[in-house]
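**Q** One structure, as structure tokens, below. Some questions next.
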Amino acid sequence: MNISVIGTGYVGLVTGTCFAESGNQVLCVDNNPEKLALLKSGQVPIYEPGLEDLFGRNIKEGRLNFSSSLQEAIDFADIIFYCLPTPPKEDGSADLKYVLEVAKETGKLLKTYKIIVNKSTVPVGTTELVKNAISENTTVEFDVVSNPEFLREGTAVPDFLKPERIVVGTKSEKVIKAMIDLYGPFVQDEDQIIFMDERSSEMTKYASNSFLATKISFINEVANLCQQVGANIDLVAKGMGPDSRIGNKFLDAGIGYGGSCFPKDVSALHKIALDNNYNFKILEAVMDVNENQKKILVEKIVAYYGTDLSNHKFAIWGLAFKPNTDDIREAAALTIIDLLLKHGAQITAYDPEAIAPFKKFTDYKIDYVESQYDALENADALLVLTEWGEFQSPDFTRIKSLLKKPVIFDGRNVYPLEKMRELGFYYESVGRNIVK
């Protein structure tokens, strides 16, 4: 098939590359000249494991191309994917201006029948809004489909190539056949492609992410209680996970969720509820717990050193909201660094991939270094904020030699308590006993 992808952000670039990998001809469109120049030169502007190899191969094979022309994309494609940003407004609702602007222009440029697929995360009812925006500007036949993405940053390529499920919102038999043909190479069984009405499809994305966010906030609340009663959250989660009704995923206690999806989608679903006169109490609690959880490590540091941290320097390992991505959106590191600086602390930070975006999007007066051990030089304590693989088994002897004292505050529960005790560290984590 000929496929156009409008928007080459995180979702658009993965979507376009993976469709090209299955043999389709793909044209990706973006209005950012600098990004287009990078893409056309064969460079991937985001960090996502496995993407660079697929990207390079499909450019070389001529299946993946780029343009700034929406007209070219519409003329070229059988199916057009909208992979456009829907950033949160101040009230928590999703901003649809980019989606609706492109829909309006699509209507003006449409010459023959096309299938328009909305892969952006959008509020319930957006399919109708897109249809209206297009139809106001054309008399040409078209269909609009809801097809939300379920890509996890850090595993987006395997998530796309081997999905657990594909959700499609449409009532058109023509579209159903086209989507089965398009997604057939990615599924073992057609039952993995779940067809439903458009509004249910749009709600499925928000409900899925909000449920996972709820699971994270719940286990963090349990972890905080474990700290009070002397229980170990690792063991509690281990005891919960084998129950098939619960499952063992998203039971890792820590300093809260972040990224581009969970915070935005939970806020958006909460706003949808308010707009429809429904008080979604669980989501209010989920958001409150998550914001408080980001502060918990600073509370532990202040309890240990006092409120005045002007004579203290802290080494931070991890700035991204999770490992295997350079995404810092809603990362716990943002809140933690901000609070530490307000207490007067000095900070030296390291992250394998997220230093550049952190520098670009913040104005924090902190030092950045090129290795995890450089960050430790003359620091009072190490703070682990992202559980990158290279932090899992560090040289603890070297850590002790570089820190002023062997003190670690671990926001991701990376290290075993007994090991920290044997090595002689003062070690505070989340939902577990303090090692002294």
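**Q** Identify the residue in region 348-384 that is in contact with a Lys or Arg (Cβ under 7 Å, 6 or more places away or on another chain) and among the aliphatic types (A, V, I, L, M) and, among all such residues, is surrounded by the fewest Cβ atoms within 10 Å (Cβ to Cβ).
**A** Applying the filter and picking the extreme gives ALA379.
**Q** Considering ALA253, ALA231, which residue is out of contact with any strand residue (DSSP E or B) (no Cβ under 7 Å at 6 or more places or on another chain), surrounded by fewer than 17 Cβ atoms within 10 Å (Cβ to Cβ) and not in a helix (DSSP H, G or I)?
**A** Criteria check complete, one pass: ALA231.
**Q** Taking ASP181 as the residue in question, decide whether it is modelled with pLDDT under 95 and assigned by TED's automatic domain parsing to the domain that holds LYS119.
**A** no
**Q** Looking at GLU48, GLU34, GLU52 in this structure, which one is buried (at least 16 other Cβ atoms within 10 Å of the Cβ), assigned by TED's automatic domain parsing to the domain that holds THR106, on the phi < 0 side of the Ramachandran plot and outside any loop (DSSP other than H, G, I, E, B)?
**A** After ruling out the rest, the residue left standing is GLU52.
**Q** Further question: Name the residue that is farthest from the chain's Cα centre (by Cα), counting only residues in region 410-425 that are part of a loop (DSSP other than H, G, I, E, B) and surrounded by fewer than 21 Cβ atoms within 10 Å (Cβ to Cβ).
**A** GLY424
**Q** Moving to a separate point now. Confirm whether LYS171 is of a type in the set (Lys, Arg) and outside any loop (DSSP other than H, G, I, E, B).
**A** Criteria not met by LYS171.
**Q** I'd like the residue in region 343-367 that is small (Gly, Ala, Ser) and assigned to a loop (DSSP other than H, G, I, E, B) and, out of all such residues, is farthest from ILE46 (Cα to Cα).
**A** Out of the qualifying residues, it is GLY344.
**Q** Hey, another quick one. Is there a residue in region 321-331 that is among the charged types (D, E, K, R) and on the phi > 0 side of the Ramachandran plot?
**A** Within region 321-331, one or more residues are among the charged types (D, E, K, R) and on the phi > 0 side of the Ramachandran plot.
**Q** Provide a single number: the residues in region 234-247 that are surrounded by 10 or more Cβ atoms within 10 Å (Cβ to Cβ) and either charged (D, E, K, R) or at pLDDT below 95 (or both).
**A** Total satisfying the criteria: 2.
**Q** Taking ASP159 and the conditions (1) exposed (fewer than 15 other Cβ atoms within 10 Å of the Cβ); (2) of a type in the set (Asp, Glu); (3) free of Cβ contacts under 8 Å to residues at least 12 places away in the same chain, which numbered condition does it fall short on, given that it satisfies the others?
**A** ASP159 satisfies all of (1) exposed (fewer than 15 other Cβ atoms within 10 Å of the Cβ); (2) of a type in the set (Asp, Glu); (3) free of Cβ contacts under 8 Å to residues at least 12 places away in the same chain except (1).
The values are calculated or read from the model by the stated rules, or taken from the named source; none is laboratory data. As the structure is a prediction and not an experimental result, all values here were calculated from the model. Glycine gets a Cβ as well: all are built from the backbone with ideal geometry, and neighbour counts include every protein chain shown.
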